[in-house]
Amino acid sequence: MARFEIPTSEMAMMGGNSAEALCELGIIHATGRGCQADLVAAHKWLNIAAIKGSDRAAELRADVAATLTKMQLAAALRAAREWMTTH
């Protein structure tokens, strides 16, 4: 069976931008499951999911935020804000 990668933004769109799908994207990036671990991207997706109402994402976002530097956190917040304005 062939394997292909779907960009995370496309994956989010396929999930209908549901809080659950976005939370899952955050978990994928936090754990490096199927991609390289990226805590800034994880925070971005968890933040968006939390804004859309996911309590689980809000809890996980806090855990990820505790591991980020101020610069990384600012980058994650900026990325989430940019994504929210275009979707």
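The values are calculated or read from the model by the stated rules, or taken from the named source; none is laboratory data. Values in this document were obtained by computation on a predicted structure and should not be read as measured data. Glycine also receives a Cβ, built like all others from the backbone with ideal geometry; neighbour counts cover every protein chain displayed.
Pairs please, first residue from region 33-47 and more than 12 Å from LEU68 (Cβ to Cβ), second anywhere and surrounded by 19 or more Cβ atoms within 10 Å (Cβ to Cβ), Cβ atoms under 6 Å, 6+ apart in sequence or on different chains.
From region 33-47, the pairs are TRP45/LEU22; TRP45/LEU25; TRP45/GLY26.
For region 50-87, which residues satisfy the criterion of being more than 21 Å from ALA37 (Cα to Cα) and in contact with a Cys (Cβ under 7 Å, 6 or more places away or on another chain)?
The answer is SER54, and nothing else.
Please count how many residues of region 1-59 are among the basic types (Lys, Arg) and either modelled with pLDDT under 95 or crowded, with 22+ Cβ neighbours inside 10 Å (or both).
Number satisfying all stated conditions: 3.
Which residue is nearest to VAL40 (Cα to Cα), if the candidates are limited to region 71-86 and must be more than 14 Å from the chain's Cα centre (by Cα) and surrounded by fewer than 12 Cβ atoms within 10 Å (Cβ to Cβ)?
MET71
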